Amino acid sequence: PGVVVALHRPFTFTMTAPGFIAPTYAVYDSYGAGTLSSNSTVSSLGVFTWTPTTLDDLGTHLLSVRASDLYGHSAETTQSVTVINPSVTVPSLTPGGSAGVGSDISFIARAHGLATPTYSISDAFFGTSTVTTANLTSTTGVFSWQPTTSDIGLHTLTVTAADTAGNAASTTVTLLITTAPATHTSAPAATAVVTGVIVPSSGTASSHIFTTSMWIGSHGAEVLALQKYLTSLGFYSGPETGYFGPLTSAGVKNFQGAHGISRVGFVGPLTRKALNGN
């Protein structure tokens, strides 16, 4: 069966040739480019090793594995190897690279080339950071954080994704936390402001029952129903496209602020409960 290996990670397998006397082994690559011919070895015991090292190695290689002996016996089989270059990206950061104490900071890390990745985070900060593993959901890459006064300064967050095959990748996000207080979206037209909390002037629970989590990048009927409902409450004034973008995230923050929920800008269990009127 085919296997997947990440760039710069060693790949190895052992060949056997039952019925051969003192066999010798060879491996040939049908791939048009790459470093296998110059960067691989086959031992006398049939152990093949290769470390893909360049972008030319990316793709699927069909290896021809051959065994032969002094008596003219020979046999051949094939092994498929796909070389990937895993990476992690942070498509959007809310509210941006600089935020004040008490701001609702969020992003969603995306892993590419990794099967069922898990995420982790660390913070390079000269001081006592309140960023912990609890701020990043290990299965979805959703990060949320409200910095405190102890977090004032420059934070370099390293987000790492890894899969069960041992492949991993990481990226960094730089955040400057200032003493300025968090700024929140102004109350929409169809709301009234009471003691600093946004309260809808009208509206009841949505007739649609929300069942899934949603964040920037989500799309489909559930997002469209969310946009329509937030529009009816006056929390959202953007286009109703079924795509969860920054405008939808801002509308969700308005709704969360009105219901005493942390203004993270994505829909999780607490926000779904409020949307469903529970």
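Points to keep in mind about this one:
Residue by residue, here is whether (1) modelled with pLDDT of 85 or more; (2) of a type in the set (Asp, Glu); (3) under 13 Å from SER106 (Cβ atoms); (4) not in a loop (DSSP other than H, G, I, E, B) holds:
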site: SER202; (1), (2), (3), (4): no, no, no, no
site: LEU224; (1), (2), (3), (4): yes, no, no, yes
site: SER232; (1), (2), (3), (4): yes, no, no, yes
site: GLY238; (1), (2), (3), (4): yes, no, no, no
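- For ALA165, the criteria (1) touching a Gly at 6+ places or on another chain (Cβ under 8 Å); (2) over 25 Å from GLY245 (Cα atoms); (3) assigned to a loop (DSSP other than H, G, I, E, B) hold in every case but one, which is (1).
- Total residues in region 259-277, condition open to solvent by 20 Å² or more (accessible area, probe 1.4 Å) and in contact (Cβ under 8 Å) with a residue 24 or more places away in the chain: 9
- Qualifying residue in region 176-197 (condition: surrounded by fewer than 12 Cβ atoms within 10 Å (Cβ to Cβ), at pLDDT below 85 and within 23 Å of the chain's Cα centre (by Cα)): no
- Taking the criterion of being open to solvent by 30 Å² or more (accessible area, probe 1.4 Å) and closer than 20 Å to SER218 by Cβ, the residues of region 119-151 that qualify are THR137, SER138, THR139, THR140, SER144.
Conditions (1) more than 14 Å from ALA165 (Cβ to Cβ); (2) not aliphatic (A, V, I, L, M); (3) not in a loop (DSSP other than H, G, I, E, B), marked per residue:
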{"residue": "VAL4", "(1), (2), (3)": "no, no, yes"}
{"residue": "ARG9", "(1), (2), (3)": "no, yes, no"}
{"residue": "GLY19", "(1), (2), (3)": "yes, yes, no"}
{"residue": "ALA22", "(1), (2), (3)": "yes, no, no"}
{"residue": "TYR25", "(1), (2), (3)": "yes, yes, yes"}
{"residue": "GLY34", "(1), (2), (3)": "yes, yes, no"}
{"residue": "SER37", "(1), (2), (3)": "yes, yes, no"}
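- Per the listing THR130, THR82, the residue uniquely of a type in the set (Ser, Thr, Tyr) and in contact with a helix residue (DSSP H, G or I) (Cβ under 8 Å, 6 or more places away or on another chain) is THR130.
- Looking only at residues in region 240-249 that are touching a residue at least 24 places away in the same chain (Cβ under 8 Å) and part of a loop (DSSP other than H, G, I, E, B), the one that is farthest from MET214 (Cα to Cα) is GLY245.
- Contact map, region 86-98: first residue open to solvent by less than 50 Å² (accessible area, probe 1.4 Å), second residue basic (Lys, Arg), Cβ cut-off under 8 Å, separation 6 or more or different chains; pairs are VAL88/ARG110; VAL90/ARG110.
- Qualifying residue in region 11-31 (condition: open to solvent by less than 80 Å² (accessible area, probe 1.4 Å), of a type in the set (A, V, I, L, M, F, W, C) and in contact with a His (Cβ under 6 Å, 6 or more places away or on another chain)): yes
- Checked against the criterion of being surrounded by 15 or more Cβ atoms within 10 Å (Cβ to Cβ), closer than 27 Å to THR116 by Cα and not aromatic (Phe, Trp, Tyr), the candidates LEU58, LEU62 yield just one match: LEU58.
- Scanning region 97-146 for residues that are assigned to a loop (DSSP other than H, G, I, E, B), among the small types (Gly, Ala, Ser) and within 14 Å of the chain's Cα centre (by Cα) returns ALA109, GLY113, ALA115, SER138, GLY141.
- Condition check for VAL83: open to solvent by less than 40 Å² (accessible area, probe 1.4 Å), closer than 30 Å to PRO18 by Cα and assigned to a strand (DSSP E or B): yes
- From the options SER213, SER249, residue that is among the small types (Gly, Ala, Ser), open to solvent by 20 Å² or more (accessible area, probe 1.4 Å) and either within 22 Å of ARG110 (Cβ to Cβ) or modelled with pLDDT under 85 (or both): SER213
The values are calculated or read from the model by the stated rules, or taken from the named source; none is laboratory data. Since this is a predicted model, take the numbers as computed values, not measurements. Ideal geometry is used to build each Cβ from the backbone, glycine not excepted, and the neighbour counts take in all protein chains shown. The protein model used for the area step is the full one, side chains on, heavy atoms only, and it has no ligands, DNA or RNA in it. Shrake-Rupley method; radii C 1.70, N 1.55, O 1.52, S 1.80 Å.
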